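Please read the structure below before turning to the comments.
Where a number appears in this text, it was derived from the coordinates with a stated rule and is not lab data. What you are looking at is a predicted structure, and each value in this text was computed from that prediction instead of being measured. Glycine gets a Cβ as well: all are built from the backbone with ideal geometry, and neighbour counts include every protein chain shown.
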Amino acid sequence: MREKVLRWETILLALCVAVFVWGALSTPGFTGPDNISFLLLDYTEIALLALALLPIIVTGQIDLSVASILGFCSALTGVLWNSGMAFETIVPLVLFAGALLGSLNATLIVKFGLPALAVTIGTLGLYRGLAYVVLGDGAVTGFPDNYRPLATDTLPGTFLPYATLVVLVVGALAAVVVHHTPVGRSLYAIGLGEQTARFSGIRVDRLKFTLYIVSGVLCAVASLIYTLRYNSARADNAYGMELTAVAAVLLGGVSIFGGRGTVVGVSSALLLMAGLRNVLFLNDVTNEIQNVINGMLLIISVLIPVLTTTLRGRRRSGGTEPAPPPPSRTGPGAVPVAAAAGAGPDKPLAVHPDPSRTEEDQ
């Protein structure tokens, strides 16, 4: 019972309740349906990026190019719309572009064996640069009114936005796959030890390749929502959003080293960060201060699991350190370990004379 109460997911949920109670008491209108809808919409794209990162980080990898893929897909949407293409045709092309960019990351990481951190830092700049090449530094607006409500309006009679419904569907699918299928168990096995997973028959390369493609598609979905919600396609859309997404995943209890993490934890962290950001926004806290808070959350999210693991290890060992092995004898006259191991009540210890000692010394 105590372990369940002290689980990180439970602590996050308690912090969510605390933030929402603080917001309700300190900020008029915080609990109003309009503000709750805005709170949920504000973190829609971040939630999709975080859900894309979750299985990747569970396997011990990383993808820092998610926001740049979003920016490129948004720029591509603007260019295609500006050329007169129907939006129904643009959507599958943008999704394909996201999958293509994700597959490029996967090829460099899986096929060429390059470090994921170095590759995705490089493609972070590459994809953002390509977005400027495609669209320039201008903006495209005037997207179709029959699609924009899907990114801005709520379900009739509720405060739940349509875009949040997309996040809930993706989150539910992620929870089923990660926690209740052999694929999910394979993800954790890879994160705990890639070589061991290979020896166990898990197709590590194919699974990692698929994860990066899925990540690219989710980034493309996020780009469509982002573009329609703001009615603007720009090359710098979602600039810097990858850090907030990574912070949400790590704050949710996913280990940066892989092998640990839950969808519930990441969802709780997203809700906590969304509520905190909304309260700060309503209290006129500047973006600079909010960035400082996000940075602190990122550091805390990495530090707390390490401290928790250390404390659990000490508690299980009773707070005592194992006794050091007895020092081995060295020098003239030392008894060989093999000879000592063979000694017993029926076999006396054989002591061999040291040739360096004279007959008188012996």
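Structural remarks
- Candidates per trypsin sites (Lys or Arg not before Pro) in the range 167-226, loop by DSSP, up to 16 other Cβ within 10 Å: ARG203
- Measuring between their Cα centroids, the range 300-316 and the range 95-158 lie 36 Å from each other.
- Of the options (i) 29.6, 129; (ii) 27.9, 107; (iii) 21.8, 72, only one is Rg and Dmax of the Cα atoms in Å as computed from these coordinates, and that is (ii).
- Ellipticity estimate at 222 nm from DSSP helix runs (n ≥ 4, -39,500 (n - 2.57)) divided over the chain, nearest 500: -21500 deg cm²/dmol
- Average Cα contact separation per residue, the range 2-314, under 8 Å, 6 or more apart, as relative contact order %: 34 percent
- Mean separation of Cα contacts under 8 Å (6+ apart) over length of the range 88-225, as relative contact order %: 46 percent
- The alpha-carbon positions of the range 155-264 define a convex hull whose volume is 126 Å³ per residue.
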